[in-house]
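Working notes, beginning with the structure itself.
The values are calculated or read from the model by the stated rules, or taken from the named source; none is laboratory data. Quick caveat, the model's predicted, so the values are computed rather than measured. Note that each Cβ is placed from the backbone with ideal geometry, even for glycine, and that neighbours are counted across all protein chains shown. Surface areas here come from the heavy atoms of the whole protein model, side chains and all, with no ligands, DNA or RNA. Shrake-Rupley method; radii C 1.70, N 1.55, O 1.52, S 1.80 Å.
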Amino acid sequence: KLAYGAPVVGDHGRWLGVVIVMHDVSELVRLEQIRKDFVANVSHELRTPITSIKGFSETLLDGAYKDEGMALSFLEIIHQESNRLQILIQDLLELSKIEQHGFSVDIIPTPLQEVLVRAADLTAQRLEEKNMQFQVEFAKEVVVEGDANRLIQIFTNLIFNAIMYSFEETTVTIRVFEKDKWGVVEIIDEGIGIKKSEIPRVFERFYRVDRARSRDSGGTGLGLAIVKHLVEAHHGKIQVESEVGKGTTMRVMLPLHTP
Ligand code: ADP
């Protein structure tokens, strides 16, 4: 806390009292810490692939290019790491755009089913690679106030995660229904789950429960931070229920369109 004090002096120099102004700066200190952590995280995330690109290309230049097998495998790594850099920078730019003051989404009546069919299409290949399947539960047509492209982005992200953190040959259930004034979408997986204590943290930028697993699967740790911002830009809510070893439910609630 910061405090300033000043005497209050009346006529003839008589002391009347003291005015003390106190500023609670704990929120500012907290925000400053978040900013510093963010910069440190970005630097770390950028440094890792750059170090590897630099190291492997130097070894190639030093003569490893002459061995075709070695050259191919090094080039493969360099290619993979540059892809990772590209995705990371895309996600960072996206997050910074979404976090700008004045960022808004174009809200019109949007049927959730159409959005989810598109998101399922975009993730189908990844699903097949893990021999997994979708189960779709649409009670009836649910129309929300939303920006279709942003909603596709939200659900594609959540479905990718559901696949990424699941075991092979399991099912991802996509359930859509109405509750009170909300259009609700649940993405339910039968994956590794998230510990209770970690649940509130998964929306933080760069937070990953298992860094190595996320990195290996091409995750940047920014997906859920982006999703949360987008849901909030729709005046919606996102909730997580999870049990370790059993699976996770990501629930997105969006304002229903009322004609
Ligand atoms: P990432 O790119 O690492 O997936 P996200 O921001 O999308 O980053 O998610 C943050 C972390 O939350 C992940 O690293 C993972 O540990 C956890 N997580 C997200 N979705 C799930 C899920 N469906 N099941 C289990 N863990 C999940």
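Assorted remarks:
- A search for C-beta distances below 6 Å between a residue of the stretch 167-196 that is polar (S, T, N, Q) and any residue that is in a strand (DSSP E or B), counting only pairs 6+ apart in sequence or on different chains, returns Thr171/Gln133; Thr171/Gln135; Thr173/Gln135; Thr173/Ile188.
- The combined condition, being open to solvent by 30 Å² or more (accessible area, probe 1.4 Å), part of a helix (DSSP H, G or I) and among the polar types (S, T, N, Q), is not fulfilled by Gln135.
- Each residue in the stretch 137-147 was checked for being touching a helix residue (DSSP H, G or I) at 6+ places or on another chain (Cβ under 9 Å) and without any contact (Cβ under 8 Å) to a residue 40 or more places away in the chain, and 2 pass.
- Scanning the stretch 203-220 for residues that are assigned to a helix (DSSP H, G or I), more than 6 Å from the ligand (Cβ to nearest atom) and within 22 Å of Pro49 (Cα to Cα) returns Arg211, Ala212, Arg213, Arg215, Asp216.
- Residues located in the stretch 1-33, provided they are open to solvent by 100 Å² or more (accessible area, probe 1.4 Å) and closer than 27 Å to Glu204 by Cα: Lys1, Leu28, Arg30
- Considering the stretch 34-46, the residues that are surrounded by 11 or more Cβ atoms within 10 Å (Cβ to Cβ) and charged (D, E, K, R) include one that is nearest to Glu81 (Cα to Cα), namely Glu45.
- Look at (1) within 18 Å of the chain's Cα centre (by Cα); (2) within 12 Å of the ligand (Cβ to nearest atom); (3) open to solvent by 20 Å² or more (accessible area, probe 1.4 Å) and you find that Ile163 fails only one, number (3).
- Gln125 vs. criteria without any contact (Cβ under 8 Å) to a residue 40 or more places away in the chain, in a helix (DSSP H, G or I) and under 20 Å from Ser214 (Cβ atoms): yes
- Looking across Asn161, Asn157, one residue alone is at negative phi, among the polar types (S, T, N, Q) and in contact with a helix residue (DSSP H, G or I) (Cβ under 6 Å, 6 or more places away or on another chain). It is Asn157.
- Among the residues of the stretch 181-202, at least one is more than 11 Å from the ligand (Cβ to nearest atom), surrounded by 15 or more Cβ atoms within 10 Å (Cβ to Cβ) and not hydrophobic (A, V, I, L, M, F, W, C).
- Search result, residues across the stretch 84-115 that are in a helix (DSSP H, G or I), touching a residue at least 60 places away in the same chain (Cβ under 8 Å) and not β-branched (Val, Ile, Thr): Arg84, Leu88, Asp91, Leu92, Glu94, Leu95, Glu99, Leu112, Gln113
- Among the residues making up the stretch 210-235, those that are crowded, with 18+ Cβ neighbours inside 10 Å, among the aliphatic types (A, V, I, L, M) and either within 19 Å of Lys130 (Cβ to Cβ) or touching a strand residue (DSSP E or B) at 6+ places or on another chain (Cβ under 8 Å) (or both) are Val227, Val231.
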